[in-house]
Amino acid sequence: MAEEAEKTEKKTEAVKEEKGPSKVQQARGSHKLRLGVILFLMVVVAVMFVVWAKARIALAVIFVMLLGALGLEVSQNDWDLGKLWESKSFQESKVVRDEGGNILFDKFGEMTTDAAKGKKADDYNCADFSTKAEAQTFFDKVGGTGNDINRLDGDKDGEACESLPVGE
C-alpha cells in the first residue's frame, strides 16, 4: 500500500515537472512586467501628486524611490544589502542575474554573486540536493509552502524532498 502511494506521488511530481512554472510564476520572473509595474506606479504617483496637495512630500519621496527601482531594473543591477553592510563593497555584494533579469540563488537559498554557483530559484529540483535537510533549508529560504515555485514539497506538508536521505 505504501509503495503504491509512493509511486502515485512520484507520477504526480513527474507530471508537475513536465508542466513547468505556472503563468503567474513566469509573469513574476518577467523583466518586462517588472518594468511595466514600476512605470505604472510612477504614473499613479505623479497623478496623485497633482491632485493631492497635502501629500506631495510623501508622494515625491515615493516617486524618487520608484525612480531608483526603475534604474536598478533597467540596468539589471541589484545588491545584497546584508553582504554590502558586511563587506562595504558594492562589487562583492552585487547580485548576479541571468539574461532574463532573474536573481540567482545557490543551493543553500542564498542570493549569489557568482553565476557558476547559482541558478534561478525555480530551476532547482530535488536532484540538486544530497540530503533532505539541504533541500529543506533551500525550500524555507526561497518561499516555503506558501511559495513553492520549485515544487519541492509535492504533498504540501511543509517538508521538502521527502525521498532524500535525512542528513544533517
Original post:
Taking the stretch 1-59, which residues are within 20 Å of D123 (Cβ to Cβ), among the aliphatic types (A, V, I, L, M) and modelled with pLDDT of 55 or more?
Top reply: V24, A27, L33
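Quick grid of which residues meet (1) closer than 19 Å to Q76 by Cβ; (2) modelled with pLDDT under 80:
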residue	(1), (2)
E92	yes, yes
V96	yes, yes
T113	yes, yes
S130	no, no
T137	no, no
K141	no, yes
T145	no, yes
D153	no, yes
E159	no, no
**OP:** Pairs only if they're at least six apart or on different chains, beta carbon under 7 angstrom, first in the stretch 76-98 and in a loop (DSSP other than H, G, I, E, B), second at pLDDT 80 or above; list them, first residue then second.
**Re:** D78/L72
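Being among the hydrophobic types (A, V, I, L, M, F, W, C) and under 16 Å from F40 (Cα atoms) is the filter here, so list the residues in the stretch 54-70 that pass it.
Answer for the stretch 54-70, where residues must be among the hydrophobic types (A, V, I, L, M, F, W, C) and under 16 Å from F40 (Cα atoms): L59, A60, I62, F63, V64, M65, L66, L67, A69, L70.
The values are calculated or read from the model by the stated rules, or taken from the named source; none is laboratory data. This is a predicted model, so every value here is computed, not measured. Cβ coordinates were reconstructed from backbone atoms using ideal geometry, including for glycine residues, and neighbour counts include every protein chain displayed.
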